[in-house]
Amino acid sequence: MTDAQTFYLLLAAFYLYECLSFAPSGSQAFAGKGGKIWRWREPAFHLSGAHKEVFCAPIIPWPGLLSVFPTNPATAPIGPLSLHHLRKRSLLLGKITAPLRELGLLLFLHYFLVFPIVYYYYLGTIWVIVAILMGELLALITACRFYCIHKRLFPEAKGERRIETFFNAFFPWHSMRASDLIVRKMTATWNPLILLAGDAQHPKNTRQLARLWREATYANDTTGLASLLDLADIDPAPWNRPPGLDADQKFCPICRTIYDAGPTTCVDCRGVSLQGNQS
Ligand SMILES: [Zn+2]
């Protein structure tokens, strides 16, 4: 393997690692586009031994955002943040992080497209050095923008700002994802349920809301969720309707999987008792 191949293998591996978010089991993640819409995102994989979920951010740094909430939405307080406020905050988040995501895209294209072409066709010429300097200049600009945005939003977090600015300036895989930390910190106090309800008509969000509603119904505690659905003008009644079953079949009240005679609890939803047709 040549030095260039080794460099790109490491760059790709480090970059992919930057795209991953490790969170406790039961966490919720949302992918957004420029802060306008948020869609529920399934974990890329589970680390069951470590009780962790691993979420992958959109691979291209622009326009995607990823926010991970290490909370159980069924027990998280709804808080005073209304859907209207959420939309305003979301748009603000998109606007604030736009320069970092655009610079991230430029860095991504520079390192994964422009630089390999220059290296292949112009190896041994001044153009390779120009390409290296261009990459470093982009990273330095990203680090400066990050420093200014972070200082404005989180003036008290000086230590974090210095460390992250250093990483952004000298590690290109990190500077490509410079906006991720800002997104995580800005959305930390949001309730994931409000993100779901903010775009409830999208199938992914509807599916997840329906599941959370059935979980709350099964636990006999729908108070918080019911008030949110009411706020978003969503009728949850159809989500609890039992599926059509044969006489000896049962279904899981959470995931709706239908079982023939045999098990009494759902394989996927630990401890949840199966129900027969109540009609
Ligand atoms: Zn189930």
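The values are calculated or read from the model by the stated rules, or taken from the named source; none is laboratory data. Everything numeric here is computed off the predicted structure, so don't read it as measured data. Don't worry about glycine lacking a Cβ; one is built from the backbone with ideal geometry, like all the others, and counts go over all protein chains shown.
Okay, here's what the table says:
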| read-out | value |
| --- | --- |
| Hey, residue 173 surrounded by 19 or more Cβ atoms within 10 Å (Cβ to Cβ) and within 27 Å of residue 13 (Cα to Cα) or not | yes |
| Wholly within segment 190-260, helices (runs of 4 or more DSSP H) carrying at least 1 residues that are buried (at least 19 other Cβ atoms within 10 Å of the Cβ) and within 14 Å of the ligand (Cβ to nearest atom) | 203-218 |
| Long-range neighbours under 8 Å by Cβ, at least six apart or interchain, first residue under 17 Å from residue 231 (Cβ atoms) within segment 195-208, second outside any loop (DSSP other than H, G, I, E, B) and among the charged types (D, E, K, R) | 198/87; 199/39; 205/39 |
| Residue match in segment 8-27 (condition: in contact with a Cys (Cβ under 7 Å, 6 or more places away or on another chain), assigned to a helix (DSSP H, G or I), among the hydrophobic types (A, V, I, L, M, F, W, C) and farther than 19 Å from residue 205 by Cα) | yes |
| Selection status of residue 67, in contact (Cβ under 8 Å) with a residue 60 or more places away in the chain, in contact with a strand residue (DSSP E or B) (Cβ under 7 Å, 6 or more places away or on another chain) and buried (at least 17 other Cβ atoms within 10 Å of the Cβ) | yes |
| Criterion violated by residue 238 - all others in (1) at positive phi; (2) over 27 Å from the mean Cα position of the chain (by Cα) satisfied | (1) |
| Lone unmet requirement of (1) surrounded by fewer than 17 Cβ atoms within 10 Å (Cβ to Cβ); (2) at pLDDT 90 or above for residue 181 | (1) |
| Subset of segment 102-160 that is part of a helix (DSSP H, G or I) and hydroxyl-bearing (Ser, Thr, Tyr) - its residue that is farthest from residue 8 (Cα to Cα) | 147 |
| Filter result for residue 96 (in contact with a Lys or Arg (Cβ under 9 Å, 6 or more places away or on another chain) and either in a helix (DSSP H, G or I) or farther than 28 Å from residue 5 by Cα (or both)) | yes |
| Filtered residues of segment 128-158 (kept if closer than 15 Å to residue 178 by Cβ and among the β-branched types (Val, Ile, Thr)) | 141, 142, 149 |
| Top-ranked residue of segment 261-279 - restricted to ones that are in a loop (DSSP other than H, G, I, E, B) and in contact (Cβ under 8 Å) with a residue 24 or more places away in the chain, ranked as nearest to the ligand (Cβ to nearest atom) | 272 |
| Any hit, segment 71-86, residues being modelled with pLDDT of 90 or more and loosely packed, with under 14 Cβ neighbours inside 10 Å | no |
| Test set (1) surrounded by 13 or more Cβ atoms within 10 Å (Cβ to Cβ); (2) modelled with pLDDT of 90 or more - residue 130 fails condition number | (1) |
| Some residue of segment 112-121 being surrounded by fewer than 16 Cβ atoms within 10 Å (Cβ to Cβ), closer than 17 Å to residue 174 by Cα and not β-branched (Val, Ile, Thr) | yes |
| Residue check for residue 120: of a type in the set (Ser, Thr, Tyr) and farther than 24 Å from residue 21 by Cα | yes |
